[in-house]
Amino acid sequence: MKKIILTGDRPTGRLHVGHYAGSLKQRVVMQDSGEFDEIYIMIADAQALTDNADNPQKIRENILNVALDYLSIGIDPAKSTVFIQSMVPQLTELTFYYMNLVTVARLSRNPTVKAEIQQRKFEASIPAGFFTYPISQAADITAFGATHVPVGEDQRPMLEQCREIVTKFNAVYGDTLVMPHIVLEANEKAQRLPGIDGKAKMSKSLGNCIYLSDSSEEVKRKVMSMYTDPGHIHINDPGKVEGNTVFTYLDVFATQQHFEKYLPEYENIDRLKAHYACGGLGDVKIKRFLYSVMEDVLQPIRERRKYYENNLPLVMEILKTGSEKAERKAALTLHKVRNSMKINYFDENYLL
Ligand code: TRP
């Protein structure tokens with residue numbers, strides 16, 4: 001069986017280092033592994049519109065932002081098909097058919113959607129499109145016959161719901177859809193990178209993000225203002241490592257080479273933590289180290305971004321070609337789905 005990747009992001013803002021650690025980096029590794037037959041990376045504008053119906057301009061602007069984020073982290077258009085969701089109308093038709101296989105009660109139990117409804121204070125005024133977006137996400141995944149879906153861990157309920165739809169569809173209409181598997185980042189700290197304020201999760205609405213497109217100065221300012229241990233006032237005070245954002249980031253991003261390059265006096269992260277815990281190591285020193293580490297991660301990303309920013313017509317061409325290719329693939333699946341559902345009335349004089 002072919003190994004196929006489908007994944008994507010809503011274009012509601014620029015992508016940040018939380019996205020990078022939680023999923024984007026892994027996508028590039030998977031892409032470059034050569035193990036996959038087809039790779040589709042989708043800019044989920046239709047899904048973004050389900051809770052931004054009154055602000056299409058915001059979604060429109062962020063399509064290019066997200067495309068630039070993808071290309072700058074190393075998504076290679078020669079290996080991966082990058083496309084825009086709404087340019088593949090087959091996804092909408094599949095969604096409509098899948099809706100018949102999912103109950104309202106099941107949708108109400110989706111924990112990610114529940115949390116989002118609370119965050120957005122929708123209360124009784126939940127748009128039906130938003131409520132049902134897990135179904136459209138199942139269409140996205142199955143349209144491409146995806147076997148592997150690399151996503152952040154908040155997407156686990158979507159994958160579960162998609163798998164249920166696949167099981168149900170195949171049971172009712174015969175074996176048609178491919179069963180997808182979620183691919184999560186192995187490092188748990190990387191799955192839920194806190195914001196620079198130490199809050200549970202990096203998120204645009206909390207204003208606590210380091211963006212992939214931040215300048216070196218912005219990254220420096222953000223790292224130097226990071227939440228550490230409020231009880232660690234004087235250098236000689238013992239400091240807390242647990243819940244200290246700087247150490248969480250170092251756990252995720254710092255490699256052995258970084259220690260050799262910037263802090264050779266410490267053998268590894270454990271030595272650094274031990275020194276901090278017993279006192280005598282200042283916040284400025286660990287923040288400067290983290291800044292150097294982040295710059296090593298972000299500098300190559302910035303350079304690729306500059307190249308594509310100076311070649312925007314090329315980016316548009318990548319999106320256009322990608323969307324055409326994605327549409328061809330989705331059309332094949334839709335054809336199979338219609339056959340299985342016996343709504344292929346004009347094929348082979350079916351009605352006669
Ligand atoms: N829900 C995802 C997000 O918010 C975006 C998305 C839409 C997606 N369709 C998908 C992710 C299919 C993986 C597979 O970021």
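The values are calculated or read from the model by the stated rules, or taken from the named source; none is laboratory data. Please read these numbers as outputs of a predicted model, since none were measured by experiment. All Cβ positions, even for glycine, are placed from backbone atoms using ideal geometry, and neighbour counts span all protein chains on display. Remember, those area values only see protein heavy atoms, side chains included, never the ligands or the DNA or RNA. Shrake-Rupley method; radii C 1.70, N 1.55, O 1.52, S 1.80 Å.
Determine the relative contact order of the chain: mean sequence separation of Cα pairs under 8 Å and six or more apart, normalised by residue count, in whole percent.
Working: 522 pairs, mean separation 78.1, N = 352.
Over the chain, the number comes to 22 percent.
Can you give the FRET efficiency to the nearest 0.05 for residue 321 and residue 57, using r as the Cβ-Cβ distance and R₀ = 41 Å? Walk me through the numbers before you get to the answer.
Working: r = 25 Å, r/R0 = 0.61.
Approximately 0.95, to the nearest 0.05.
Find how much the distance from residue 37 to residue 271 grows on full extension, using 0.36 nm per residue of separation minus their present alpha carbon separation; answer in nm with one decimal. All intermediate terms of the calculation are to be shown ahead of the outcome.
Details: separation 234, 0.36 × 234 = 84.24 nm, distance 4.31 nm.
Extra length available between residue 37 and residue 271 comes to 79.9 nm.
In whole Hz and in residue order, list the ³J(HN,Hα) couplings for the range 228-242 that follow from phi through the Karplus curve 6.51 cos²θ - 1.76 cosθ + 1.60, θ = phi - 60°; x for Gly and Pro.
10, 10, x, x, 8, 9, 9, 3, 7, 5, x, x, 8, 9, 5
Sequence-distant or interchain residues sharing an amide H contact under 5 Å with residue 40, placed H: which?
Placed amide hydrogens put 5, 6, 7, 81 under 5 Å from residue 40.
Output the DSSP H helices from the chain with an along-axis C-alpha extent of no less than 18 Å and a mean Kyte-Doolittle hydropathy no less than 0.0.
On the way: long enough: 56-73 (26 Å, 0.07); 156-173 (25 Å, -0.27); 283-309 (37 Å, -0.86); 312-340 (42 Å, -0.26).
Qualifying helices: 56-73.
GluC sites (Glu not before Pro) within the range 17-126: which are DSSP loop residues with at most 13 other Cβ atoms inside 10 Å?
On the way: sites: 35, 38, 61, 93, 116, 123; in loops: 35, 123.
Listed in order of number, the matching sites are 35, 123.
Relative contact order for the range 7-91 using alpha-carbon pairs under 8 Å, separation at least 6, rounded to a whole percent?
Details: 93 pairs, mean separation 37.3, N = 85.
It rounds to 44 percent for the range 7-91.
Would you check the accessible area of residue 235, probe 1.4 Å, heavy atoms only, in square angstrom rounded to 10?
My reading of the accessible area for residue 235 is about 100 Å².
Residue separation times 0.36 nm, minus the C-alpha to C-alpha distance between residue 204 and residue 299: what's the value? Walk me through the numbers on the way to the answer.
Working: separation 95, 0.36 × 95 = 34.20 nm, distance 2.18 nm.
Length gained, residue 204 through residue 299: 32.0 nm.
Give me the percent of accessible area attributable to carbon and sulfur for the range 216-306, probe 1.4 angstrom.
53
Rg to Rh for the chain: what is it, with Cα atoms only and Rh by Kirkwood?
Across the chain, the Cα-based Rg/Rh ratio is 1.03.
Which cross-chain or sequence-distant (5 or more) residues have an amide H under 5 Å from the amide H of residue 84, H modelled 1.01 Å from N in plane?
Amide H to amide H, under 5 Å and 5 or more residues apart or across chains, residue 84 pairs with 43, 323.
Report the FRET efficiency, 1/(1 + (r/R0)^6), for residue 215 and residue 342, where r is their Cβ-Cβ distance and R0 is 45 Å, rounded to 0.05. Present the calculation step by step, with values, prior to reporting the outcome.
Details: r = 57 Å, r/R0 = 1.27.
That pair, residue 215 with residue 342, gives E of 0.20.
222 nm [θ] for the chain, helices only, -39500 (n - 2.57) per DSSP H run of 4+, per residue, to 500? Please list the in-between numbers first.
Working: 16 runs with 183 residues, N = 352.
Only helices count here, giving -16000 deg cm²/dmol.
What whole-number value in Å² describes the accessible area per residue of the range 260-344 for a 1.4 Å probe? Please list the in-between numbers first.
Values: 4710 Å² over 85 residues.
I get 55 Å² per residue for this part.
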